[in-house]
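**Q** To start, I am sharing the structure in question, which I have written as structure tokens.
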């Protein structure tokens, strides 16, 4: 999931450099959304790991 965020970020940066601002905004928004999902899943997994004694 995190690799998708990095790939989308690179595509957004390339689109912004080339002047495709609409595409860059859309892809950056998707990347931000997926990153937040990744962050929530990571925190939940971390808490479950700490509670279970791992």
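**Q** Starting from 0.36 nm per residue, how many nanometres of slack lie between residue 30 and residue 42 once their C-alpha separation is accounted for? Present the calculation step by step, with values, prior to reporting the outcome.
**A** Working: separation 12, 0.36 × 12 = 4.32 nm, distance 1.83 nm.
So the chain would gain 2.5 nm between residue 30 and residue 42.
**Q** Show me the three semi-axes of the equivalent ellipsoid for the chain, from the C-alpha gyration tensor (sqrt of 5 times each eigenvalue), largest first, rounded to whole Å.
**A** Listed largest to smallest, the semi-axes of the chain are 32, 9, 5 Å.
**Q** Another question, then. Of the candidates 23, 44, 11, which one comes out as most mobile in a Gaussian network treatment of the chain with C-alpha springs shorter than 10 Å?
**A** 44
**Q** With n ≥ 4 as the cut-off for DSSP H runs, can you work out [θ] at 222 nm for the chain, using -39500 (n - 2.57) per run divided by the number of residues, rounded to the nearest 500?
**A** -32000 deg cm²/dmol
Read the figures in this text as sums done on the coordinates, not as results from a lab. Computed from a prediction, not measured in an experiment: that's the story for all the values here.
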